[in-house]
1. Mind listing the Cα extents of region 104-150 along all three principal axes, in Å, largest one first?
2. At 37 °C and a viscosity of 0.692 mPa s, what translational diffusion coefficient does Stokes-Einstein give for region 173-230, taking Rh as the Kirkwood radius over Cα pairs? Give it in µm²/s as a whole number.
3. How do Met385, Met99 rank when sorted from fewest to most other Cβ atoms within 10 Å of their own Cβ?
4. With loop defined by DSSP as not H, G, I, E or B, and exposure as at most 11 other Cβ atoms within 10 Å, which is the longest segment of the chain clear of exposed trypsin sites (Lys or Arg not before Pro)?
5. Between Thr405, Thr73, Thr102, where does the largest GNM mean-square fluctuation fall for the chain, given springs only between Cα atoms within less than 10 Å?
6. Taking the Cα atoms of region 180-302, report the difference between the largest and smallest coordinate on each principal axis, in whole Å and largest first.
7. Can you work out ³J(HN,Hα) from phi for every residue in region 61-75, in order, using Karplus 6.51 cos²θ - 1.76 cosθ + 1.60 and θ = phi - 60°, giving whole Hz and x for Gly and Pro?
8. Between the helical axis of 265-275 and the dominant principal axis of the chain, each derived from Cα atoms, what acute angle in degrees is found, rounded to the nearest 10?
Amino acid sequence: MLKESSFAPGSEWQTDLYGMACEQLRRVAELIDLDPDEHTRLAEPRRALVVNLPVRLDTGELVSFTGYRVQHTLTMGPTKGGLRFAPDLSLGECAALAMWMTWKCALLGLPYGGAKGGVRCDPRALSPDEMERVVRRYAAELQPIVGPDADVPAPDMGTGEREMAWFYDTYSQAVGQATPAVVTGKPIALGGTPGRRQATGLGVVDVLAAMLERLERPLDRQRVAVQGFGNGGSVVAAELHARGATVVALADVGGAIADPGGLDVPRVAGWAAEHGTVAGYPHAEAIDRDAVLEVDCDVLVPAAAANQITEANAPRLRCAIVAEAANGPTSPAADAILRDRGVVVLPDILTRGGGVTVSYFEWVQAHQKYTWTETEIRDRLRAQMTDALDRVLEAAGELRCDLRTAALSVAVRRVAEAARLRAVFP
Ligand code: GLU
């Protein structure tokens with residue numbers, strides 16, 4: 001006989017990550033006095049598809065990969081979110097990430113519910129041909145639930161423009177016509193949007209710049225330390241440098257460098273492109289990788305991995321503002337310490353919204369069959385990010401809470417309101 005707990009509602013999503021997402025929702029629900037009916041409706045994904053993909057490897061061997069797509073809420077419009085190809089991907093992870101996409105889209109005012117999906121595989125172990133077969137079969141299996149007005153995937157960990165092109169083509173072959181609005185993050189030649197790749201980093205800078213303005217701190221007088229020099233960190237560092245800020249320290253997986261007088265970021269980028277790391281850059285002092293977080297600065301930008309600012313180092317941070325450019329770089333315990341120390345934390349759910357915002361612009365252009373200019377995209381991104389920051393600051397004032405809680409509260413309220421107005425079917 002099966003144990004009773006096997007049938008516990010929602011048990012199929014259970015993972016640490018999903019538990020974390022639910023706990024966040026529970027705490028915000030309490031703070032904003034969320035109607036228990038709306039809480040119930042938002043605490044679990046609306047639907048999910050689990051598929052097994054038979055794929056022939058280059059050796060001729062047939063293997064079966066597991067793919068997922070979770071749609072968290074269908075209340076706000078089509079669903080939106082990335083495709084993650086990773087060896088430990090699970091239904092529960094997709095469920096948590098789909099819920100976070102719902103909050104991110106709601107906070108940014110995008111007409112989407114959240115989704116997330118992908119394939120459990122090691123993309124680095126697959127040849128380009130194998131990867132193409134996995135993506136195409138996955139896209140074919142997802143056909144019943146994706147579509148330009150139903151669910152619109154995008155790149156995430158382990159996927160990029162190439163995979164989006166295959167997904168787009170597979171879907172289009174099935175419906176018999178080119179359907180560019182079915183995915184975002186496509187190559188430019190297929191209707192991708194210029195700036196999509198830089199969008200997350202630029203969005204971080206937009207939120208930070210607007211916050212500095214509200215605090216009456218001139219951007220060009222800020223000393224900044226950036227941990228991470230990949231797609232996010234390098235864009236943030238370059239943009240802040242270009243706008244006159246002084247980048248005093250930079251780190252990546254290979255090492256860290258510092259110069260209190262300011263690093264020449266384009267030169268460092270040239271060095272990193274050539275040597276694969278910022279380490280060894282000759283015109284700066286080499287420092288310990290972890291020390292970058294504790295450098296004396298005004299703004300610290302964690303743009304590397306999760307869980308970097310912890311209970312252990314939070315008391316030693318020497319910055320006034322943390323602008324999160326990575327996913328979940330600050331642990332909940334560190335959050336509390338920074339709050340007590342008066343350090344402003346610009347939370348990831350707000351700062352990292354630039355990617356999906358420019359995805360939205362790509363999707364709108366595909367629907368309009370009209371291309372916007374790069375300037376239009378840049379200006380609209382800035383406006384969208386700044387508006388979101390203002391909504392968060394307003395909520396923080398009203399609820400007397402930190403910006404992370406405030407951001408979540410804005411998003412949850414917005415989705416709950418929409419759910420209430422649509423009422424329960426039937
Ligand atoms: N994967 C990205 C995110 O999580 C992009 C999602 C999208 O553009 O739809 O924000």
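We did not get these values from a lab; they are worked out from the coordinates using the rules stated. These figures come from a predicted structure and were not determined experimentally. Every residue, glycine as well, gets a Cβ built from its backbone with ideal geometry; the counts of neighbours run over all protein chains shown.
1. Reported extents, whole Å, longest axis first: 39, 23, 14.
2. 223
3. Lowest count first: Met385, Met99.
4. 4-368
5. For the chain, modelled as a Gaussian network with Cα springs under 10 Å, the answer is Thr405.
6. Result, largest extent first: 48, 39, 21 Å.
7. With coefficients 6.51, -1.76 and 1.60, one gets 5, 9, 10, 10, 9, 9, x, 9, 8, 10, 10, 6, 9, 9, 6 Hz.
8. 60
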